[in-house]
Structure formats: structure tokens, C-alpha cells
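Worksheet for the structure shown next.
The values are calculated or read from the model by the stated rules, or taken from the named source; none is laboratory data. None of the values given here were measured: they were computed from a predicted structure. Virtual Cβ from ideal backbone geometry, glycine too; neighbours counted across all protein chains shown.
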Amino acid sequence: MARPTTEPLAVRVLLIAVALAFLALFLVMPLAIVFQQALEKGFGAYLAAVREPNALAALRLTLLTAAIAVPANLLFGLAASWAIARFEFSGRSVLLTLIDLPFAISPVISGVVFILLFGRQGWLGPWLDAHDVKVVFAVPGIVLATVFVTFPFVARELIPVMQAQGRDEEEAAVVLGASGWQVFWRVTLPNVKWGLLYGVILCNARAMGEFGAVSVVSGHIRGLTNTLPLHVEILYNEYQFQAAFAVASLLALLALVTLVVRSVVEWREKATGGGSVEEPELARERPAA
Amino acid sequence: MSIEVRGVTKTFGTFTAVNEVSLTVPDGELVALLGPSGSGKTSLLRIIAGLERPDRGQVLFEGQDATRRDARERRVGFVFQHYALFRHLSVFENVAFGLRVRPRDTRPSEAVIREKVMSLLRMVQLDWLADRLPSQLSGGQRQRVALARALAVEPRVLLLDEPFGSLDAKVRQELRRWLRRLHDEIRLTSVFVTHDQEEALEVADRVVVMNQGRIEQTGSPDEIFDHPATSFVISFMGNVNVFHGRVQNGKAHLGPLALDYPEHPHAEERAAAGFTRPYDLDVERTADAKDGFWATLRHATPAGAVVRLQLVGDDGSLLQVEIPRDRHEALRPQLGERLYLRPRQVRVFLDPIEAPAGQTPRPR
């Protein structure tokens, strides 16, 4: 007996209903509550909370951190995935494991590690003190922690793309006379650009939203070392619920923008067939003259 | 431009892909590197292109050492097995690539590039597809784009890695003949890799048979087919019946066969094998001459102008025989019937004294 290729209608409706209900309960509702609470006391109060100097400072710091962490990890991710996908070298699997390390351990632990390294009682603390360099409880520490936590995103996106792509096209370019840079800009990069952009988007989302590691190294100095997520927490702990939700809505907006960009990227990727190459034979042969 | 390979060796880990290979390709010749997978033919081609660096030995172009020269400076055209077209560029831009990456002072103008690319696309009969992406082309079309792209940089030699390997049988036939015609027109020194002996014999001026990283034989297609130099070559160039045995005092005793073998007049006994093509065995009902042996018919399959017979010898060995259809009509052998087989031609090769250890080929 042949098995039907689709499930019965009832099963399909049930599955879709469960998925939608779950989505509504755990994603849409919280998001709606964020905006509802933020606007509870009217638009004026919302604007006031967002334009409050400490909130603006937190926003600036968050953007600054992302502006440093994302390009740094873009470069690192490109270099690491290139090395891993193109070359066989000893320590390759170690590098692969190390890239995943920030995923594997709790962000709080990464924060504590930075304190142990750069804190006053840490290994490098006395030397940093002597040279009057502040890392922990200052902007450099926040940036370092964020770079560490967002380390794997670009590399993880690129490695499978580059491995699937193989060396053939690059070798073809070399034989045709292209230099190393020309191969990279004209062949390698165009082939991985959507994967790369996707990695950057994820990396950016995490860089702006990171809480755990940053919370440990920041020291929570208002107007100086608070990022948006930390600022939200402080406001909330001080029972300024409306202000907390107003600032949180900024983060939520950033996340929504990220999601939209991501969807556009995925749609573009499909449209240009950036993935696999096999399609039906479209073109007819021209009859021999 | 002539190519010379001198004593080239290349190992990957513990596997010797190319072992002390020397080869000369005269100017304007079309040469096939023929061998099973793992025989080192693709490695040798990549070494000639500069995509792989040999551990030992030299590659010379027109007598000049090019071993240390980078692939991008060798001016070779290379056609990859899976085409390796730039998937994000149109057919036109693929062909134009080699011209666009030239340093500014030698880069042709846009008009010259356009002119050149379109004339190449006309040559491979694809000018009407210039704006398509490679993914929109059929396999045969991609192959021709790859060829046009390789020719655009005016290479001094053309290297092709299994150029027809991933095409279906009919397109393959057409492209083969087309490549041969193209070569006759432009007379560019060319080397192509194949594992298909028919392809090598049909297309090439000269065939180089490789096995386990070494060259077994070099010669014209006729020489390779009619005068195979080693037992590997005769086995690789099509179906063959093998009789194992030994030679001594100018006589060979190979399974059911006994024949003269003056090449080995010594008293010392050596293991040897005799090889007979399926069409070099005559089938008879009576043993009038004494130079054959009896075997039992198991299968008969008509195949065009010939009928293929499968028989079992008295020692249990399987034998393949091809006889013309009219001979089969006249004889009408029955399944299970005992028939007398007389070889018209047997090639005898001494077994190698002792195969060196650790030489098992591994596919790359």
C-alpha cells in the first residue's frame, strides 16, 4: 500500500495551531507587553525616558561596543574560516573547538575570567595599574567581553559555506592570472557574501544584547559603563517600570530591524541561488549551422 | 609550446601520487594521460599547471625551467573536471575574467575585451547565452564556457582534467569530436586526463598510460592498442582473457595453453601470464589443430555485429569470446555444449619479480 505523502488535514491544522500558539505565548505577547508598558504613561513619558541622559549614554556605549566588536569578529571570522576551509594544518580541529568555546560556556564565566585577568587582583592587574590603563569597570572591558562572546558567529556561518564551495573556483582564478587579493575580492567574497552578511547580523544582534559577561565587567557606573541591557536592569530594580520598558523597547526595535534585514538576506540568497548549483537543463542547444 | 616533465615525484602523506615521471609533449600535440583513478594522472596535470608543487623533479616549458614559477605566471589554460565556472558571474564575465585581472598597463580596453570575448563565445557557439549565469546552462554548455574562458588569456598550453567526465554519453561523443576539430584548427599544445580508453584513443595524437604513479607506456593510439608494453596496459585497454602459468627453456605453459616463448630461453622458471582479446579466439566443434583447449558454453548475447559468448574452461576459469554474427549463425552452438577454442594471438608478459611493498594505490 502506498503511503500518502501528506498528513491528514486534522493533523496539519493541529500542528500549525500548536506552533502558532507557542509563538504567540512566548514571542509575540512579551514583545507586545514591552511596547504596551513602555507607552503606558503616554508618548511624552516614553520620549522622556528614552532621552534621559543616562539612557542616551547607554545607547551610545551599546552602539560603540557593537561598532568595535562586529568588525573585529568579521575580520577574525573571515580569517579563521578561510584557514579552516582551505588548508589542512595541525591544530585545525583545536581551532574549530576553540571557536565554539564562547558558545559552550556561560557568559557570566567569561566575564569572571576577564576580571581574573585584568582586575586589580588579576594576573595583569598590577601591570595595568602601573601603566594607568583601566580595563575592568571601564569601556575596554565591556568591549573585550563583547568581542569574546560574539566571537563564533561569523566564523560558524562561513565555515560550512566555504567548505561547500571548495577550492575549484579560486584555483581557476589563479590559473587565469589573478593575484591573491583579486581572488579574494572577485571570487571568494562574492560567493560567501550572503553567509557573511548573515553572520554579521547575528553577531551584531548578540553584541547589542549581551548581558551576562558585560554585567560582570561593567561595574554599572551610570552614564559611563552601562550598556542598554544593563540600564534596563537598573531601572527595573529601581521600580521605574515604565522607563525600563521604554529603554527595553529600543533593544526590541533593534532586534526587529535585525530580523527584517535577516529575512531580506535569506530571500535574496534564495533568489540568486547562492546555495547549491544543480538545476534542470534550461537552455536548448542551438542547432548546428 | 613544448612541455617537458623530468623525474617528477609527488607524495601526499604516505601515498606516492606521482613517482619519478618523465614525459615530453612536443609543440602542437594533443596528448592523453590515461589511467584508473589513483594512478596519478590528475596530480601530474596539476603539477604541470603549477597548482601542485612536485617534491622532486622539474617542469620545463619550451626548455625553460618553470618548476618554481607560480601558476598565475605560467600562462596555462586549465579546464577543471567540474568546470569551476564563477557562479556569480555571467557567461560573458566568466570568459572576460582572465583579461580583467591583468595589471592596468597590459589590460585591454573594454571594447577589445568585448570583441575578444564575443569571438570566443562564437567559436564555442554560445554567444547567444552571454548574459546567462552558469547555473542556467546545461553540462555541455558549461564545459564549452570553461574552454572559452581558458582560451581567453591566450595560453601557451591547454590542460584539461577529465573534460568530458561528467557529461552524458551522447554529449560526450559530440564534444570529443569537437575538441579534436578545435585542436586541429588552433594547434595548441594540449594535455587531457581521462580514465576512458576509448576517449583517449579517439581524440589524442599520443596516449600516455599511467598506473600507480608511473608511466606504463607512451605511444600513438595504434601502438598502445596493438602493441601493449605491459600486462597492465593490455588489461586496461579493454576486455581480455588471462591465462596464468610459467615460462622455461623457451616454452610457455599458461593454463590450458602451451606455446613457444623464445624471449625466455633460460632454464630458470618464471611466473607469467598470457593475454588474449575476446575477438582473438576462434570457436570450433572439433579439435583438428592441437593449439587450443575445450570449454563449455554458458551464455550467448548478441551485441550488434558480434555475438558475445561466455564459457567455462575445464579448470573452472571464465572465458569471454566474441565471434562475428555470421560465424555464430553457421556454428549454432548450444548452451552447455563443449567447444574448442583456438587463440589466434596470445601476448605473454612475465610477472614482475617482486612487487615493492607499500604501493597500493589509494583514490585521491
Notebook entry, point to check: Do you know which residues across the range B:210-224 are small (Gly, Ala, Ser) and in contact (Cβ under 8 Å) with a residue 60 or more places away in the chain?
Noted result: B:Gly213
Notebook entry, point to check: Which one of B:Leu159, B:Leu167, B:Leu137 is closer than 19 Å to B:Lys41 by Cβ, at pLDDT 90 or above and of a type outside the set (Val, Ile, Thr)?
Noted result: B:Leu159
Margin query: Taking the condition of being within 12 Å of chain A (Cβ to nearest Cβ) and either surrounded by 14 or more Cβ atoms within 10 Å (Cβ to Cβ) or not in a helix (DSSP H, G or I) (or both), how many residues in the range B:89-114 meet it?
Written below: 14
Next item on the list: Please enumerate the residues belonging to the range A:119-156 that are of a type in the set (D, E, K, R) and in contact with a Ser or Thr (Cβ under 9 Å, 6 or more places away or on another chain).
Entry: A:Arg156
Next item on the list: Answer with yes or no whether A:Ala58 is aliphatic (A, V, I, L, M), at pLDDT 85 or above and closer than 30 Å to A:Pro160 by Cα.
Entry: no
Notebook entry, point to check: What number of residues in the range B:13-27 are modelled with pLDDT of 90 or more and in a loop (DSSP other than H, G, I, E, B)?
Noted result: 2
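Conditions (1) touching a Phe, Trp or Tyr at 6+ places or on another chain (Cβ under 6 Å); (2) away from chain A (no Cβ under 11 Å); (3) outside any helix (DSSP H, G or I); (4) of a type in the set (A, V, I, L, M, F, W, C), marked per residue:
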position: B:Lys116; (1), (2), (3), (4): no, yes, no, no
position: B:Ser135; (1), (2), (3), (4): no, no, no, no
position: B:Gly140; (1), (2), (3), (4): no, no, no, no
position: B:Leu147; (1), (2), (3), (4): no, yes, no, yes
position: B:Pro155; (1), (2), (3), (4): no, no, yes, no
position: B:Phe164; (1), (2), (3), (4): no, yes, yes, yes
position: B:Leu175; (1), (2), (3), (4): yes, yes, no, yes
position: B:Glu185; (1), (2), (3), (4): no, yes, no, no
Margin query: Of the residues A:Glu210, A:Glu266, only one is away from chain B (no Cβ under 14 Å) and modelled with pLDDT of 85 or more; which?
Written below: A:Glu210
Notebook entry, point to check: Only one residue in A:Val217, A:Val232 is modelled with pLDDT under 85 and surrounded by 14 or more Cβ atoms within 10 Å (Cβ to Cβ), so which one is that?
Noted result: A:Val217
Item checked: Within the range A:152-198, considering residues that are under 27 Å from the mean Cα position of the chain (by Cα) and hydroxyl-bearing (Ser, Thr, Tyr), the one farthest from the other protein chains (Cβ to nearest Cβ) -> A:Tyr198
Check: Does B:Lys10 qualify as being modelled with pLDDT of 90 or more, among the basic types (Lys, Arg) and in contact with a Ser or Thr (Cβ under 6 Å, 6 or more places away or on another chain)?
Finding: yes
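Yes/no per residue for (1) within 12 Å of another protein chain (Cβ to nearest Cβ); (2) surrounded by fewer than 22 Cβ atoms within 10 Å (Cβ to Cβ); (3) under 30 Å from B:Gly238 (Cα atoms):
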{"position": "B:Thr9", "(1), (2), (3)": "no, yes, yes"}
{"position": "B:Leu33", "(1), (2), (3)": "no, no, yes"}
{"position": "B:Pro36", "(1), (2), (3)": "no, yes, yes"}
{"position": "B:Leu44", "(1), (2), (3)": "no, no, yes"}
{"position": "B:Arg53", "(1), (2), (3)": "no, yes, no"}
{"position": "B:Val59", "(1), (2), (3)": "no, no, no"}
{"position": "B:Arg68", "(1), (2), (3)": "no, yes, no"}
{"position": "B:Arg72", "(1), (2), (3)": "yes, yes, no"}
{"position": "B:Phe78", "(1), (2), (3)": "yes, no, yes"}
Next item on the list: Please verify whether the range B:125-136 includes one or more residues that are free of Cβ contacts under 8 Å to residues at least 60 places away in the same chain, surrounded by fewer than 21 Cβ atoms within 10 Å (Cβ to Cβ), in contact with a Gly (Cβ under 6 Å, 6 or more places away or on another chain) and of a type outside the set (Ser, Thr, Tyr).
Entry: no
Check: Can you tell me which residues in the range A:97-123 are farther than 18 Å from A:Ala145 by Cβ and touching a residue at least 60 places away in the same chain (Cβ under 8 Å)?
Finding: none
Next item on the list: Could you check how many residues of the range B:225-256 are buried (at least 19 other Cβ atoms within 10 Å of the Cβ) and touching a residue at least 60 places away in the same chain (Cβ under 8 Å)?
Entry: 9
Margin query: Which of the helices (runs of 4 or more DSSP H) found entirely inside the range A:78-148 contain at least 2 residues meeting this: at pLDDT 80 or above and either small (Gly, Ala, Ser) or surrounded by 15 or more Cβ atoms within 10 Å (Cβ to Cβ) (or both)?
Written below: A:92-104, A:107-118
Checklist line | Condition check for A:Ala207: more than 30 Å from A:Ala79 (Cβ to Cβ), assigned to a helix (DSSP H, G or I) and touching a residue at least 12 places away in the same chain (Cβ under 8 Å) | finding: no
Margin query: Please count how many residues of the range B:118-132 are at the interface with chain A (Cβ under 8 Å from one of its Cβ atoms), closer than 16 Å to B:Leu89 by Cα and in a loop (DSSP other than H, G, I, E, B).
Written below: 1
Check: Can you pull out the residues in the range B:287-301 that are outside any loop (DSSP other than H, G, I, E, B) and without any contact (Cβ under 8 Å) to a residue 24 or more places away in the chain?
Finding: B:Thr301
Notebook entry, point to check: Quick check, is B:Leu99 hydrophobic (A, V, I, L, M, F, W, C) and within 29 Å of B:Gln197 (Cα to Cα)?
Noted result: no
Next item on the list: Return yes or no: is B:Gly63 away from every other protein chain (no Cβ under 14 Å) and farther than 19 Å from B:Val208 by Cβ?
Entry: yes
Check: Hey, does the range B:267-286 have a residue that's surrounded by 14 or more Cβ atoms within 10 Å (Cβ to Cβ), modelled with pLDDT under 85 and not in a strand (DSSP E or B)?
Finding: no
Note to self: Kindly evaluate A:Ile221 against the criterion of being farther than 30 Å from B:Arg74 by Cα, outside any loop (DSSP other than H, G, I, E, B) and away from chain B (no Cβ under 14 Å).
What the structure shows: no
Check: Can you tell me which residues in the range B:309-357 are outside any loop (DSSP other than H, G, I, E, B) and under 25 Å from the mean Cα position of the chain (by Cα)?
Finding: B:Gln320, B:Val321, B:Glu322, B:Arg347, B:Val348, B:Phe349, B:Leu350
Check: Can A:Val18 be described as within 22 Å of the chain's Cα centre (by Cα), over 30 Å from A:Val143 (Cα atoms) and either modelled with pLDDT of 85 or more or acidic (Asp, Glu) (or both)?
Finding: no
Next item on the list: Run B:Val207 past the list (1) among the β-branched types (Val, Ile, Thr); (2) assigned to a helix (DSSP H, G or I); (3) touching a residue at least 40 places away in the same chain (Cβ under 8 Å) and report the number of the one that doesn't hold.
Entry: (2)
Next item on the list: Considering each of A:Pro30, A:Pro53 in turn, give the residue that is more than 30 Å from A:Trp181 (Cβ to Cβ) and in contact (Cβ under 8 Å) with a residue 12 or more places away in the chain.
Entry: A:Pro53
